[in-house]
Amino acid sequence: MPARSHRIEKVNELLKQQIAEIISRELEFSKGVLVTVLAAETSRDLLYSKIIVSVFPENKSASTLEILEKNVYDIQQILNR
């Protein structure tokens, strides 16, 4: 069992890095907005992942999360390549 959890940890770290890179390269946010990928949580069967992000400044979080939600499919497609 420990090898499997180590595998999930490696997958989570790779997802976190790749999604952060995709977001910074492909998406444009309001001037002065910083989006940070804090963590990735992947299911044991590797079918689902939850990505946790931080937005600064906080008062821009609603519009920034809206942009991320609109571009989720595009992010997934880039990640799949």
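Taken together, the values in this text are just the output of simple stated rules run on the coordinates, not laboratory data. The shown structure was predicted, so the numbers you read here are calculated from the model rather than taken from an experiment. In this analysis, Cβ positions are derived from the backbone assuming ideal geometry, glycine residues included, and neighbour counts consider all displayed protein chains.
Condition check ((1) over 30 Å from His6 (Cα atoms); (2) small (Gly, Ala, Ser)) across all residues:
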position: Leu27; (1), (2): yes, no
position: Lys31; (1), (2): yes, no
position: Glu41; (1), (2): no, no
position: Leu47; (1), (2): no, no
position: Ser61; (1), (2): yes, yes
position: Glu66; (1), (2): yes, no
position: Glu69; (1), (2): no, no
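Quick one: in the stretch 16-67, of everything that is assigned to a loop (DSSP other than H, G, I, E, B) and surrounded by 11 or more Cβ atoms within 10 Å (Cβ to Cβ), which residue is nearest to the chain's Cα centre (by Cα)? I'd like the intermediate steps shown before the answer.
Within the stretch 16-67, the first condition is being assigned to a loop (DSSP other than H, G, I, E, B), and the residues that meet it are 27-33, 43-48, 57.
Those still in the list that are surrounded by 11 or more Cβ atoms within 10 Å (Cβ to Cβ) too: 27, 29, 33, 57.
Details: Leu27: 12, Phe29: 15, Val33: 16, Pro57: 18 Å.
Across the stretch 16-67, the extreme among qualifying residues is Leu27.
Quick one: count up the residues across the stretch 1-15 that are of a type outside the set (Ser, Thr, Tyr) and more than 16 Å from the chain's Cα centre (by Cα).
Summing the residues that are of a type outside the set (Ser, Thr, Tyr) and more than 16 Å from the chain's Cα centre (by Cα) in the stretch 1-15 gives 6.
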